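Before any comments, here is the structure.
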Amino acid sequence: MLKEIAQGMAFTLRQMFRKPITLNYPEEQKPTFPRHRGRHMLHRYDNGLERCIGCELCAGACPVGCIYVLPAENDPEHPVSPGERYAARYEINLMRCIYCGYCAEACPTEAITLGPRYDLADYRREHTVVTKDELLESWPSFTTGGAKPSVLGAGADQRGHEKLESGVDPVKAWDAFEESHIHPDEATPGHGGLEVTPPTVKRTGSGEGESR
Amino acid sequence: MVGAIGFWGWVGIVVLKAVIILIFVATAAAYMSYAERKVSARIQLRHGPNRVGPLGLLQPLADVVKLFFKENTAPKGRERFLFLLAPSIAGAVAIFAFAAIPVNGPTTIGSFTLHWDLIHVNVGLLFILAMTSLGVYSIFLGGYAANSKYSLLGGLRSAAQLISYEMAVAFAIMGVIILSGSLDMEQIVTKQTGLWFIFLQPLAFFLYFIAGLAEGNRLPFDLPEAESELGAGYHTEYSSMKFAFYFLAEYINMVIICSIATTLFLGGWLPPFAFLSFIPGVIWYLVKISLLLFTMIWIRFTLPRFRYDRLMNFGWKVLLPLGLMNIVVTGVVIALRAA
Ligand code: SF4
Ligand code: SF4
C-alpha cells in the first residue's frame, strides 16, 4: 500500500509543475476547427465590393426562416456589389438559427459563410439579431488583401453593439439604433455608411484554427 | 515574570500578543483556503482563483465579504442554543490552542524574559491537546443541533473518529515526552538543539501526522463531512458566518496540527544547521509549518477517502499498536542508556 501511495503522491506533485490546461476564457479562447459553423459573416471581393447581391436565396433556404434581406438597386456610379442589387439590410436572428449552414450552401456568390466565432450570448435579446454592420467584413478585409485571417472570424471586430441605456424600451431602442447606423442611401463600398472598426479582440494562445 | 516590567507592562504585552495571534490566525486561515484552492488547481491542471487582485491574492478577502452578506438560514426544529454555540466552540477552541504554541525561542531583555507564546505554562502540550480535543464538541453538537440526518451522521462519525485517533495522537506524542522529559513546549524545542526528534522518533512523527489528519478531519480521513455521502456532514445546515466559523476552525486546526508537529518533531524555531541561526526563529517556524501544510493539501488531492470501517480498523489495529510499541521501545532504550 505504501508504494502505491508514494506513486500517487509523486504523480500529483509532477502534475503541479505542468502548465494548466484551462483557458482563461474571455481573454483566451480556444481556436475552432476550420470548418466550425459559428456565427455568420458576409464577405467582400478583393476590390471591396460586397459579394452579396441581395438575391434572398439564403433566406429561402433557411429552414427556420431567420434571415431577413432587404434588397436595393445599385447606383451604377457607386455600386455596393457587382450585381444589379445589393442587400440594404441583412439581418439574422441568432436565437433562432440552428447553424445548419444551408444559407452558405444556397448562396450563389459565396457571400455568406459560417465563421468560427461562438461567444454569442448577450444580455439583451435584441442584440442577438445581428445586422449587416456586424456581419460584414470590415474593409480592408481579413480574408482577402493579404491580411492574416483572424482566428476569431470576420465578425470578431464588428460587434457594433452600442451600450443602450437601461430602462429604455427595447424595441424603440433597437429601432433607434438601426436608424442611427444604417443609411442605405449613403452606402458605399467601404462600409455601409459605418466607420471601420479595427480588430479589438485580444487573442492569446496558439492560433491553429483558421477562418476561411 | 510580572516583577521585571510591572503589572501594566505585563498586561500590555499579553494584550499585544493576543492581538497578534488573532490577526495571524485569521490571516493564516484565510490564506490557507487560498493555498488550498491554488494547490488543488495546479494539481488538477487548472488555474485556481486568479481574478480578484494580482494572482487572485485578494480572493480570501472577497470570500469573507461574501460570507458576511450571505443570508443566514437555519433549519426548523433546531436546538437554538446549541446551534449557535457549536460554531462558536469551533472557532474559539481553535484559537485557544494556538495561544500555547511557541513560535520563537524566549527572548531575554534585561531581567525580563519574553515568551513568544501567549500563555506560557509548563504543561503547554497538555493544554493544546485538551483544546484540540474540545473541537469535537463543536462538530458533534453542531451535527446534533441542526435536526438533520446528514449533520447527525457527520457528528456521530466525528465522535467515533476522534476517540480512535486521540489515543494514537497521545501515544505518538508520548515518545517525545519521554525523550524530552517535559510537557513545556519551549523546553521540548530546546532539547532538540542539534538533533531534531524526527530522527529519533520517525515512527512517532508519521503516527502523529496521520492521526493529525484524522483529527483535523482532512482527507483521506474527512468522514465527518464526506461530501459525496453526507452533503457537507456536520455543517450541512450552517450558512453565512456560522459556516465561516467552522471553515475557519478547520484551517486553524490544520495550522495547529502542523505547529505541534513542527514543535515536537521538527525542532520548532530552530534552524536546521547551526550556521543558519542568523535567520530569526519565527521564519524557520513559518517555513516548517508551511511545508507541512503543503503536504496536507497535497495528500488531500492525492488520496481518496477511507471507508468508515477501514478507518476504525486502521486507527485501532495499526496506529494504536504501533504507538504503544514506540513507547515501549523508547522507554527501554532510555532505561538501558541510563543504567
Ligand atoms: S445556418 Fe441554417 S438556420 Fe442559420 S441562418 Fe443559415 S440557413 Fe438559417
Ligand atoms: S447572402 Fe448570398 S444568397 Fe443571401 S442574399 Fe446575399 S447573395 Fe443572395
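Each value in this text was obtained by applying a stated rule to the coordinates, not by laboratory testing. Quantities reported herein were computed from a predicted structural model and do not represent experimental measurements. Heads up, the Cβs are rebuilt from the backbone with ideal geometry, glycines too, and the neighbour counts pull from every protein chain shown.
Apply the a/c threshold of 1.5 to the C-alpha gyration tensor of segment B:80-165 and tell me whether it is rounded, prolate or oblate. Here segment B:80-165 falls in the prolate category. Pairs of Lys residues in chain B are counted when their Cα atoms are under 23 angstrom apart and they lie 8 or more places apart or on different chains; the count is 9.
By the count of neighbouring beta-carbon atoms within 10 Å, fewest first, B:VAL189, A:VAL69, B:VAL19, B:VAL123 end up ordered B:VAL19, B:VAL123, A:VAL69, B:VAL189. The Cα atoms of segment B:214-269 give a gyration tensor whose axes a ≥ b ≥ c have a/c of 1.5 or more with a/b no greater than b/c, which makes the shape oblate.
Contact order, relative form, for chain B: 22 percent (alpha carbon pairs under 8 Å, 6 or more residues apart, mean separation divided by residue count). Here segment B:75-338 is treated with +1 on each Lys and Arg Cβ and -1 on each Asp and Glu Cβ, and its dipole about the Cα centre works out to around 320 debye. A Förster radius of 45 Å, combined with the Cβ-Cβ distance separating A:ILE21 from B:ILE20, puts the computed FRET efficiency at roughly 0.60.
Listed by Cβ neighbour count within 10 Å, with the fewest neighbours leading, B:ILE89, B:ILE109 appear as B:ILE109, B:ILE89. Each Lys or Arg adds one and each Asp or Glu subtracts one; over the other residues with Cβ under 14 Å from the Cβ of B:ALA168, this totals -1.
May I ask for the net charge around B:PHE24, where only other residues with Cβ less than 15 Å from the Cβ of B:PHE24 are counted and Lys, Arg are +1 while Asp, Glu are -1?
Once all neighbours under 15 Å are counted, the net charge is 0.
Extension gain, B:ALA338 to B:ILE279: 0.36 nm times the residue separation minus the Cα-Cα distance gives 17.6 nm. Between 0 and 90 degrees, the angle of helix B:281-300 with respect to the longest Cα principal axis of chain B falls at about 40 degrees.
Diagonalising the gyration tensor over the Cα atoms of segment B:75-338 and scaling each eigenvalue by 5 before taking the square root yields semi-axes of 33, 22, 16 Å, largest first.
Computed over chain B with a Gaussian network model linking Cα atoms closer than 10 Å, the most mobile of B:ALA35, B:ALA94, B:ALA168 is B:ALA35. Angle of helix B:80-98 to the longest C-alpha principal axis of chain B, folded into 0 to 90 degrees and rounded to 10: 30°.
Projecting label points 7 angstrom from Cα along Cα→Cβ for A:ASN93 and B:PHE294 puts them 5.8 nm apart. Result for chain B in a Gaussian network model with C-alpha springs under 10 Å: among B:PRO304, B:PRO87, B:PRO102, the largest mean-square fluctuation is at B:PRO304. Sorting B:PHE265, B:PHE24 by the number of Cβ atoms found within 10 Å of their own Cβ, with the fewest placed first, yields B:PHE24, B:PHE265. Projecting the Cα atoms of B:GLY175, B:SER133, B:SER40 onto the dipole axis of chain B, where Lys and Arg carry +1 and Asp and Glu carry -1 at the beta carbon, places B:SER40 farthest toward the positive end. Between B:ILE119 and A:ALA6, the simple label model (points 7 Å from Cα in the Cβ direction) yields a spacing of 4.3 nm. For chain B, the longest principal axis of the Cα atoms and the long axis of helix B:59-69 meet at an angle of about 50 degrees.
Near A:LEU42, the amide H atoms lying under 5 Å from its own belong to A:LEU136, A:GLU137; only residues 5 or more places off or on other chains count, and H is placed 1.01 Å from N. Annotation: peptides A:87-100, B:206-219, ranked by per-residue average of other Cβ atoms within 10 Å with the highest first, follow the order B:206-219, A:87-100. Can you check what the net charge comes to around B:TYR308, using other residues whose Cβ is under 14 Å from the Cβ of B:TYR308 (Lys, Arg +1; Asp, Glu -1)? Spelling it out: positives minus negatives among the neighbours equals 0.
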